[in-house]
Amino acid sequence: MKKIILIFLIFAFFTNIASTKEPVSVIGKVVENFVLKNTENKYISLLDFKQAKGFIVIFTCNHCPFAKLYKKRLNDLNSKNSKLGVPLIAINPMDSLIYEDECLSDMKKVAKAGKYNFNYLQDATQNVANMFGASHTPQAFVIWKEDDLWIIKYSGAIDDNGEHPEKANSFIANAVNELLANSIVSTPETKSFGCSIYYRKK
């Protein structure tokens, strides 16, 4: 497993050099409501979750080796936090014309195999990923409801140990716990990396 992770890290580094940009903070940005299709062919909107205090939004995909490490952790995050009014939504922004295994039919297979207990949505136009400023998968955000607006409160990595979840410090869990306690998120941004999202030219 360590060898696989090392190979992936080297691959991710070199494939991301050409597209590396100075990161722009999105903390405090307002996120508009969106509607996307999930793996059960249902259209899902933020407005469907009437009692939600916030959302954990994870941009992920089928093929990325690093994203694959987090399947169980995403289930666990949703199991715990959805009961507290903070459901998890996973969004696949990958261009299925470039990556054939990112089509909705393959997303359905991945969701079934991983026994996903959360909505796995296809961002076919990449408009939602662009709105969040997502650059790769997996990339995590926490948005929170303030005066009927959804505000980005956290952006970055899911946790700090992809290979060993039992040793990981969950940035997502910390952010959600602080927001539920009406506190300011102590670490609103962390550095994350993974497979690049290549945006189609409009």
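When both residues are 6+ apart or on different chains and their Cβ atoms are under 6 Å apart, which pairs have a first residue that lies in segment 127-154 and is within 16 Å of D95 (Cβ to Cβ), and a second that is of a type in the set (F, W, Y) and surrounded by fewer than 24 Cβ atoms within 10 Å (Cβ to Cβ)?
Partner pairs satisfying both residue conditions: V128/F34.
Applying the selection to segment 145-157, what residues are surrounded by fewer than 23 Cβ atoms within 10 Å (Cβ to Cβ) and in contact with an Asp or Glu (Cβ under 6 Å, 6 or more places away or on another chain)?
G156 - this is the single residue of segment 145-157 that is surrounded by fewer than 23 Cβ atoms within 10 Å (Cβ to Cβ) and in contact with an Asp or Glu (Cβ under 6 Å, 6 or more places away or on another chain).
Hey, can you tell me all the residues within segment 155-167 that are under 15 Å from A67 (Cα atoms) and in contact (Cβ under 8 Å) with a residue 12 or more places away in the chain? Let's see the steps before the verdict.
Taking segment 155-167 first, the residues under 15 Å from A67 (Cα atoms) are 156-165.
Passing the criteria: G156, A157, I158, D159, D160, G162, E163, P165.
If S82 satisfies all but one of (1) surrounded by fewer than 17 Cβ atoms within 10 Å (Cβ to Cβ); (2) of a type in the set (S, T, Y); (3) under 24 Å from E178 (Cα atoms), what's the number of the condition it fails?
Every condition holds for S82 apart from (1).
When only residues in segment 125-144 that are more than 11 Å from the chain's Cα centre (by Cα) and buried (at least 17 other Cβ atoms within 10 Å of the Cβ) count, which is farthest from A173 (Cα to Cα)?
This residue is Q126.
Would you confirm whether any residue within segment 65-81 is over 30 Å from I184 (Cα atoms) and of a type in the set (D, E, K, R)? Show your work before the answer.
Filtering segment 65-81 down to residues over 30 Å from I184 (Cα atoms) leaves 65, 68.
Now restrict to residues that are of a type in the set (D, E, K, R): 68.
Scanning segment 65-81 turns up at least one residue that is over 30 Å from I184 (Cα atoms) and of a type in the set (D, E, K, R).
Please find, among K201, K191, K112, K145, the residue that is charged (D, E, K, R) and in a helix (DSSP H, G or I).
Only one candidate qualifies: K112.
How many residues does segment 70-103 hold that are more than 27 Å from K145 (Cα to Cα), of a type outside the set (V, I, T) and either modelled with pLDDT under 95 or in a helix (DSSP H, G or I) (or both)?
7
Go through segment 29-64 residue by residue and tally those that are closer than 25 Å to N174 by Cα and touching a Phe, Trp or Tyr at 6+ places or on another chain (Cβ under 6 Å).
Residues meeting the conditions: 3.
The values are calculated or read from the model by the stated rules, or taken from the named source; none is laboratory data. What you are looking at is a predicted structure, and each value in this text was computed from that prediction instead of being measured. We place every Cβ from the backbone using ideal geometry, glycine too, and count neighbours over all the protein chains shown.
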